[in-house]
1. Test of the criteria: in region 367-460, which GluC sites (Glu not before Pro) are in a DSSP loop and have at most 13 other Cβ atoms within 10 angstrom of their Cβ?
2. If you stretched the chain out fully between LYS453 and ASP271, how much longer would it get, using 0.36 nm times the residue separation minus the C-alpha to C-alpha distance?
3. Heavy atoms of the protein only, probe of 1.4 Å, neighbouring chains included. What is the accessible area of TRP42 in Å², nearest 10?
4. Using a 1.4 angstrom probe on the protein heavy atoms only, line up MET401, MET158 by accessible area, largest first.
5. Once the other residues with Cβ under 13 Å from the Cβ of MET38 are scored (Lys, Arg +1; Asp, Glu -1), what is the net sum?
6. Keeping every protein chain in place, order ILE74, ILE25, ILE256, ILE65 by accessible area at 1.4 Å, biggest value first, i.e. largest first.
7. State in Å² the accessible area per residue of region 393-466; use a 1.4 Å probe, count heavy atoms of protein chains only, and round to the nearest integer.
8. I need the peptides 177-189, 350-362, 205-217 ranked by packing, meaning the mean over residues of other C-beta atoms within 10 angstrom, with the highest value on top.
Amino acid sequence: MAATGEIVVPGGMMDFTRTPGGRKILLAIGAAAVVAAMAGVWMWGQQPDYRVLFSNFSDRDGGAIVAELEKMGIPYKYAEGGGAVMVPAENVHDARLKLASQGLPKGGNVGFELMENQRMGSSQFLEQINFQRAMEGELARSIESVSAVQAARVHLAMPKDSVFVTEQKMPTASVLLNLHPGRTLDPQQVSAIVHLVASSVPELSPKNVTLVDQNGNLLSDAGKPLASGLDPTKMKYVQDLQQSVARRIESIISPIVGAGNVRAEATADVDFSRSEQAVESYKPNQTPDAMAIRSQQLSESANGGGAAGGVPGALSNQPPAPATAPVNAPAQAAAATPAGAAPVATRKDSTVNYEVDKTIQYVQQNGGGLKRLSVAVVVNHRKSVAKDGKVSYKPLSAAEMTQINNLVKEAMGYNQARGDTLNVVNSPFAQPEVEAIPETPIWKQPAMIDTAKTTGKYLLMGIALLLLYLRVLKPLLKKLSEPLALPGPAAPGMAGQPQLAGAGAEGMVALPPGARNYQDNLTRAQQLAKDDPRVVANIVKTWVGSNE
């Protein structure tokens, strides 16, 4: 029996893990470790799905993009190889709009900002090269503004100026376009880009601009005739004309027979030959009174054969008689010449030139005239549904076919003198065989796959958290929360019997057999202090006065 008034435990000193303080420390460490593991699982489950923000950018643009993302507080990471910047899926569109407002990414093209960083002592050759690079970059930026163009590269060949006219060389340009997937450029857009480049470089002709797409197709010569003599522009004109006629026919017949119940095709014979004709025609002579005089010449002469006869004086010195037309001259002269008088020689010439009627006509006929038009139209039988739901098809009546025939003639611009032909047929349409497409199983649908992935992710996270709680945290809490067990009291006189020592033998109080743990001992000690405080005071006094 110990005489020092303390609890005696067999085996020496109590183990640290069995003490209340040690148990609390282990409880805190275990709980913290489990909570940390559960937090790690939860953070893994909440990790965002990263999507590509920008790719294939220059190093300068990449640095500017990363700096702006850090300012906006948007997390980012790099894809494999650093060729793309990825951000959470919910921030992709927001980040793109904010970066686009700041002009990012600017692209690899360098514009006239290159001229802002000129160094002192740069040569004229370097200045010329920088100016050419700036011109190429600005042109590429302008071309990229076209909706169908994703990226562009411009190469300018600008020869040196020469004082000799014979040695002057014209500049040339080459443009490489990278179009958006599924987009194409029509001839008008190609011509616009060519003229844009040609107008931006002095003395650059549109003929010296070459335009190529990313597939290696030459776009700048699309409107030139091929080696075979076929002109793509003319062929497209004929196709557009035929399609226009077919659309007009279908649009006017569809309201009568229903949509999808009429098919029309047109064949146009277009004359692209150009003819020039000059005609010069003369009209027959008209009466002299109706004709215009262009010029008139009159010549008269008189020569007498002897001396003047008659009584001398004023009467014999009279001037000759007025001139008359040559037709009436002999008769008048015979009548005017007195009998027995000497003949007088006279002469009169008259020349009159009249205008000649002439018509000159110059006719030039441009190509593209319609020579002949042939149209074929097929109309489906009319569909009728019986009361029992049975569907049947009946041919159109003669009156309906006549009406359709007249409408088609008006829509196509039928001209019999031109040789146009029209053929309208009423025939049942062959029903296309509907291919039975197997329904995609629900587990193969993309939406269900994404939902299953998300659900599996959260389910796995919940299972992991539940296992950590049930297998680790809960047993640890249960084990550490168990009260400290003390050995029960031994028989009187036996070695190792735990006793509560008091001031003396009288104050020795033995614990009952049921007090085997710390909580029971504490409860019984509290009850003892309540029932007999004097004994407890003596025990405490003995503990305080003890040297051990």
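1. Working: sites: GLU400, GLU410, GLU433, GLU435, GLU439; in loops: GLU433, GLU435, GLU439.
When the GluC sites (Glu not before Pro) of region 367-460 are filtered for loop state and at most 13 Cβ neighbours within 10 Å, GLU433, GLU435, GLU439 remain.
2. Details: separation 182, 0.36 × 182 = 65.52 nm, distance 6.55 nm.
In short, 59.0 nm is gained.
3. Roughly 130 Å² of TRP42 is accessible to a 1.4 Å probe.
4. Values: MET401 40, MET158 60 Å².
Largest to smallest exposure gives the sequence MET158, MET401.
5. Values: positive: ARG471, LYS474; negative: none.
After counting each charged neighbour, the total is +2.
6. Values: ILE74 20, ILE25 90, ILE256 60, ILE65 0 Å².
The ordering from most to least exposed comes out as ILE25, ILE256, ILE74, ILE65.
7. Values: 5660 Å² over 74 residues.
Per residue, region 393-466 has an accessible area of 77 Å².
8. Details: 177-189: 12.8, 350-362: 10.5, 205-217: 14.5.
Highest to lowest by the protection proxy: 205-217, 177-189, 350-362.
The values are calculated or read from the model by the stated rules, or taken from the named source; none is laboratory data. Computed from a predicted structure; not experimentally measured. All Cβ positions, even for glycine, are placed from backbone atoms using ideal geometry, and neighbour counts span all protein chains on display. Side chains are part of the model used for accessible areas, which takes the heavy atoms of the whole protein and leaves out ligands, DNA and RNA. Shrake-Rupley method; radii C 1.70, N 1.55, O 1.52, S 1.80 Å.
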